[in-house]
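What follows is a short report on a single structure.
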Amino acid sequence: MHVTHDPAAAASPTIDFNSFLAVDVRVGTIVDAKPFPEARKPAWRLWIDFGPAIGVRKSSAQITENHPLEILVGQQVAAVVNFPPRQIGPVVSEVLTLGFPDAEGKVVLVQPSKPVPNGGRLF
């Protein structure tokens, strides 16, 4: 799924603004988080509330190293909400929860620096 974790990698080719607008990145609050033991790589199952227009969507996220399960509920995260659902083992992931790799390549979630309304779109 990931192109590269190398921070020294060159930037991707230039895209036009409409291509950027086609990717719908929204903020939501994690309302539930559970272990996902069936996943091939360690992951959590997340339920994220994106507000009344989008609702609660499910995600499988490989964030176990930097984000303990017991502190996830109540945190806001960014996710792509307009990719098609993806079957991951017995679970359907409805959104792509976003993150950056740390120095060891482990995911650190993209989160707003202060609370914002659920469903807000990245610009």
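The values are calculated or read from the model by the stated rules, or taken from the named source; none is laboratory data. It should be emphasised that the depicted structure is a prediction, and the values quoted were computed from it without experimental measurement. Here the Cβ positions follow ideal geometry from the backbone for every residue, glycine too, while neighbour counts run over all protein chains shown. Side chains included, ligands, DNA and RNA excluded: accessible areas come from the protein's heavy atoms. Shrake-Rupley method; radii C 1.70, N 1.55, O 1.52, S 1.80 Å.
Quick notes on this one:
- Loop sites in the range 10-72: GluC sites (Glu not before Pro), DSSP, at most 15 other Cβ within 10 Å: GLU38, GLU65
- Residue among LEU72, LEU98, LEU21 with the largest mean-square fluctuation in a Gaussian network model of the chain, springs linking Cα atoms under 10 Å: LEU21
- Percent carbon-and-sulfur accessible area, the chain, ignoring ligands, DNA and RNA, probe 1.4 Å: 59 percent
- Most mobile of ASP16, ASP32, ASP49 in a GNM of the chain (Cα contacts under 10 Å): ASP16
- Residue-wise HN-Hα coupling along the range 111-117, computed from phi with Karplus coefficients 6.51, -1.76, 1.60 (Hz; x: Gly, Pro): 9, x, 6, 8, x, 9, x
- Proximal charge balance of VAL107 [Cβ under 12 Å; K/R count +1, D/E count -1]: -1
- Over 24 Å [Cα-Cα, the chain], rounded percent: 27 percent
- Accessible area per residue in Å² at 1.4 Å probe, computed on the range 50-119: 57 Å²
- For PHE36, net neighbour charge (Lys/Arg +1, Asp/Glu -1) across residues whose Cβ lies under 12 Å away: +4
- Other residues with beta-carbon under 15 Å from the beta-carbon of VAL77 carry, at +1 per Lys or Arg and -1 per Asp or Glu, a net charge of +2.
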